[in-house]
Amino acid sequence: MTNFITIASVSQLHNLLGFGKPKHPLITVIDYSKISSLPEWVNVRIVSDFYTVTLKTPSPVGLLYGRQPFDFDSGTMIFTAPSQVIYVSEDNSEVQFSGWGLWFHPELIRRTKLSDTIRQHEFFKYAINEALHVSNEEEQMLSLVLRNIECELLSGIDQFSQSVLVTAIEQLLNYTQRYYSRQFATRNNQNVDYFSRFEKLLDTYLNSDNLPSNGLPDVKFFADQLNLSPGYLTEILKRETGKTAKEIILLELVEKAKLMLLNSSQTISEISFQLGFENPSYFSRLFRKKVGMAPLEFRGLN
């Protein structure tokens, strides 16, 4: 039977890892070289209420994130958001852990600008195979920011603590965004391959006889087919086309609708149904938005 551990507080996290009293109730830095997996963690799903930023975590056997195994090399980073699940399927008590992890609760950034902008950092939703690989120089820069956070935690809590800590977290995430941008650029050939495969999958989907019953295609469907997270696929497509995955899907639907309007006598409702729309009025609004005129106007002009 699989058990669950929900980590809701910094104190609970420290107790679980055998650490002392935390310096702050909403944020902590974990030195992974000071912990080891325990036998009682096996077959346990660990869910935390925290955002985590982790550099150079171990690669123990049987540790899963989502449905994929950890496969970390030196200088590799992963990010998790609250409520994501890590599953320990095998005993790793003999594994030597290394690296660091920054854990911070959403309450720390509440009522700050970061509370809104953190959603723009899609890497908190990326899968394991989309982890960030950093150079030695990049790793040193990130570790320097982390040391500043550690120093602030050691200095005690005062009226400026939240502002200083949040600013440091923002800096860490901004560096991460920069390094991910570099990673996308250096993997250009791989990205082109993903784009090509996405185009073929989309074309197959839109020309399937099952389109009416399958419904409108969504980004998650294609991301799953490519073994990518929706956010990562969208970032690849934006870099290749300037458009998001959702925008491309909708544009292709509209192009198919144009052909159907010109080459058939089907009603708007029938075309809407054939394209997988449940609501003809939604189809008409989308068509007008993308084309600049209603479906019947388009048919009449052409």
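The values are calculated or read from the model by the stated rules, or taken from the named source; none is laboratory data. These numbers were taken from a predicted model, which means no experiment stands behind them. Heads up, the Cβs are rebuilt from the backbone with ideal geometry, glycines too, and the neighbour counts pull from every protein chain shown.
Values computed for the structure shown
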{"item": "Any hit, the range 191-201, residues being buried (at least 17 other Cβ atoms within 10 Å of the Cβ), farther than 24 Å from PHE277 by Cα and either modelled with pLDDT under 90 or within 15 Å of the chain's Cα centre (by Cα) (or both)", "result": "yes"}
{"item": "Hey, ASP203 in a helix (DSSP H, G or I) and not assigned by TED's automatic domain parsing to the domain that holds SER229 or not", "result": "no"}
{"item": "Qualifying residue in the range 56-74 (condition: crowded, with 20+ Cβ neighbours inside 10 Å and at pLDDT 85 or above)", "result": "no"}
{"item": "So ILE169, is it of a type in the set (A, V, I, L, M) and not in a helix (DSSP H, G or I)", "result": "no"}
{"item": "Whichever residue in the range 262-290 is in contact with a Ser or Thr (Cβ under 7 Å, 6 or more places away or on another chain) and of a type in the set (A, V, I, L, M, F, W, C) and, among such residues, is surrounded by the fewest Cβ atoms within 10 Å (Cβ to Cβ)", "result": "ILE268"}
{"item": "Close pairs from the range 16-30: first more than 22 Å from VAL145 (Cβ to Cβ), partner charged (D, E, K, R), Cβ under 7 Å, at least 6 apart", "result": "none"}
{"item": "Residue satisfying all of: in the range 202-222; surrounded by 14 or more Cβ atoms within 10 Å (Cβ to Cβ) and under 30 Å from THR52 (Cβ atoms); nearest to the chain's Cα centre (by Cα) among these", "result": "VAL219"}
{"item": "Hey, THR52 within 20 Å of LEU173 (Cα to Cα), surrounded by 19 or more Cβ atoms within 10 Å (Cβ to Cβ) and at pLDDT 70 or above or not", "result": "yes"}
{"item": "Yes/no for LEU250 being within 30 Å of ILE118 (Cβ to Cβ), of a type in the set (A, V, I, L, M, F, W, C) and either modelled with pLDDT of 95 or more or not in a helix (DSSP H, G or I) (or both)", "result": "no"}
{"item": "Residue match in the range 19-34 (condition: among the β-branched types (Val, Ile, Thr) and modelled with pLDDT under 70)", "result": "no"}
{"item": "Hey, ILE157 buried (at least 19 other Cβ atoms within 10 Å of the Cβ), touching a residue at least 24 places away in the same chain (Cβ under 8 Å) and in the same structural domain as TRP100 (by TED's automatic domain parsing) or not", "result": "no"}
{"item": "Residues satisfying the stated conditions in the range 206-232, i.e. part of a helix (DSSP H, G or I), in contact with a helix residue (DSSP H, G or I) (Cβ under 6 Å, 6 or more places away or on another chain) and closer than 23 Å to PHE79 by Cα", "result": "VAL219, LYS220, PHE222, ALA223, GLN225, PRO230, GLY231, TYR232"}
